[in-house]
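Single-structure report; data block below.
The values are calculated or read from the model by the stated rules, or taken from the named source; none is laboratory data. Quick caveat, the model's predicted, so the values are computed rather than measured. Counting neighbours? That spans all protein chains shown, and the Cβs are built from the backbone with ideal geometry, glycine included.
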Amino acid sequence: MKWVQKDIEMFQEAREHIDTVLVPMIGIDMGTGMKQSAQMQEFLAILASEIERQFKGRMILLPPFTYWPPSDSLTLQHSALSWKNSILEEGFKHVFFITCDSLWRGNEGELGGSLIWIPSIPLEGLDDHYKRELMSGQVSQIANVFAQKWLVEK
Amino acid sequence: MSKHRVSRRQFLNYTLTGVGGFMAAGMLMPMLRFAVDPVLEASAGGNFVATKQKVADLTDKPTRVNFSFTQKDAWYESDVTNIAWVYKNNDGKIVALNPTCKHLGCTVDWNTNKDHPNQFFCPCHFGRYTKDGTNVPGTPPLKPLDMYEYKVKDGILYLGAVVPHKEA
């Protein structure tokens, strides 16, 4: 479900069925990496909305966790962790963070298994049909991660 | 040329009738158009979108067909891609199913669960549907999958509005 009124109304009616939250994480860089930062954002937004479409009935897609490149990644880890804890406190069972930012690679800290890192693929100049195929490939890979987590719980 | 002379009165009569006629027509035509409009609308018959699927290539095994169109929602215009699972049933009739789970709206997939082959499977709450879209009792969905209206033109499959499941 998306973070929009209509979907949230549906969520409130069927709360017991929705136990997962997906948070995209996006770094903003207005310096030399500006273009790349925008491209990552674009890729991640499409990816997240495709995942949401696939798992609409079990997952809420939050607005992205957005940050400037920090001087130390520890602070960032902490604030991401506090998102996670707040979400868990609301009674959700699974929180997933999804990002393309290499900052998080090997830097998961306590986020551990809830972080999905995926390299962004420039979609610029790709044929529409090929784009869709590429995206659905990525989605089905990530779907496996969810399916496994859900299965463990079952 | 005939020598028939047109009097001033006659001339004015002709001109006034002519001009008046045009004016009356100008007023009546739009009204007539509005009155007839619903009839014309119905004949257009919904929006069908061409897919890349050739009807001849369809088998009795559900095939995933993507089709996109532009959707305008207030100020937000977007390209929407919808998925249909299309196959030919035993009578050779085309069945186009909408894979939106009737439970909470996830997207179901064909034949992805090893324990229940040849069924539509929803990964979220393990809902299942048989090939014709009927929900399997005992799984969360309470209604069968919706269908798309379809038509065939030049051997290509066109898909239209989503309609509730009906017996094929």
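Just the residues that are touching a strand residue (DSSP E or B) at 6+ places or on another chain (Cβ under 8 Å), surrounded by 15 or more Cβ atoms within 10 Å (Cβ to Cβ) and either outside the structural domain of B:W85 (by TED's automatic domain parsing) or at pLDDT 85 or above (or both), please, taken from the stretch B:105-114.
Scanning the stretch B:105-114 gives B:C106, B:T107, B:V108, B:D109, B:W110.
Given the stretch B:1-114, what strands (runs of 3 or more DSSP E) lie entirely inside it while holding 3 or more residues that are more than 18 Å from the chain's Cα centre (by Cα)?
Working: elements: B:49-54, B:63-73, B:76-88, B:94-97.
Answer list for the stretch B:1-114: B:76-88.
Can you say whether B:K151 is assigned by TED's automatic domain parsing to the domain that holds B:N89, at negative phi and assigned to a loop (DSSP other than H, G, I, E, B), as far as the supplied structure shows? Reasoning before the result, please.
Details: assigned by TED's automatic domain parsing to the domain that holds B:N89: yes; at negative phi: yes; assigned to a loop (DSSP other than H, G, I, E, B): no.
So B:K151 fails the test.
Residues B:P123, B:P117, B:P137: which one is of a type outside the set (K, R), crowded, with 17+ Cβ neighbours inside 10 Å, assigned to a loop (DSSP other than H, G, I, E, B) and assigned by TED's automatic domain parsing to the domain that holds B:L159? Let's see the steps before the verdict.
Working: B:P117 fails: crowded, with 17+ Cβ neighbours inside 10 Å; B:P137 fails: crowded, with 17+ Cβ neighbours inside 10 Å.
On inspection, the qualifying residue turns out to be B:P123.
Please list, ordered by first then second residue, the pairs with beta carbon atoms under 6 Å, 6 or more apart or interchain, first in the stretch B:133-147 and under 18 Å from A:H17 (Cβ atoms), second charged (D, E, K, R).
Partner pairs satisfying both residue conditions: B:V136/B:R128; B:T139/B:R128; B:P141/B:K102; B:K143/B:K102.
It is to be established whether one or more residues within the stretch B:59-72 are within 14 Å of another protein chain (Cβ to nearest Cβ), touching a Pro at 6+ places or on another chain (Cβ under 7 Å) and of a type in the set (S, T, N, Q).
Checked the stretch B:59-72: no residue is within 14 Å of another protein chain (Cβ to nearest Cβ), touching a Pro at 6+ places or on another chain (Cβ under 7 Å) and of a type in the set (S, T, N, Q).
Looking only at the stretch B:125-143, which residues are in contact with a Phe, Trp or Tyr (Cβ under 9 Å, 6 or more places away or on another chain) and of a type in the set (A, V, I, L, M, F, W, C)?
Result: B:V136, single match.
Take the stretch B:101-157 and flag every residue that is in contact with a Gly (Cβ under 6 Å, 6 or more places away or on another chain) and among the acidic types (D, E).
Scanning the stretch B:101-157 gives a single hit, B:E149.
Sort out which residues of the stretch A:110-147 are within 26 Å of A:W83 (Cβ to Cβ) and within 11 Å of chain B (Cβ to nearest Cβ), and write them in order of number.
Within the stretch A:110-147, A:M135, A:V139, A:A143, A:N144, A:F146, A:A147 meet the criteria.
Examine the stretch B:120-132 for a residue that is at pLDDT 85 or above, of a type in the set (K, R) and closer than 23 Å to B:Q53 by Cβ, and state whether such a residue exists.
Looking through the stretch B:120-132, at least one residue is at pLDDT 85 or above, of a type in the set (K, R) and closer than 23 Å to B:Q53 by Cβ.
If I go through the stretch A:36-59 residue by residue, how many of them are under 26 Å from A:E16 (Cβ atoms), touching a Leu at 6+ places or on another chain (Cβ under 9 Å) and either surrounded by fewer than 21 Cβ atoms within 10 Å (Cβ to Cβ) or more than 14 Å from chain B (Cβ to nearest Cβ) (or both)? Steps first, answer last, please.
If we filter the stretch A:36-59 for residues that are under 26 Å from A:E16 (Cβ atoms), which is where we start, we get A:48-59.
Adding the requirement that they be touching a Leu at 6+ places or on another chain (Cβ under 9 Å) leaves A:48-49, A:51-52, A:55-59.
Then keep just the ones that are either surrounded by fewer than 21 Cβ atoms within 10 Å (Cβ to Cβ) or more than 14 Å from chain B (Cβ to nearest Cβ) (or both); that gives A:48-49, A:52.
Of the residues in that region, 3 qualify.
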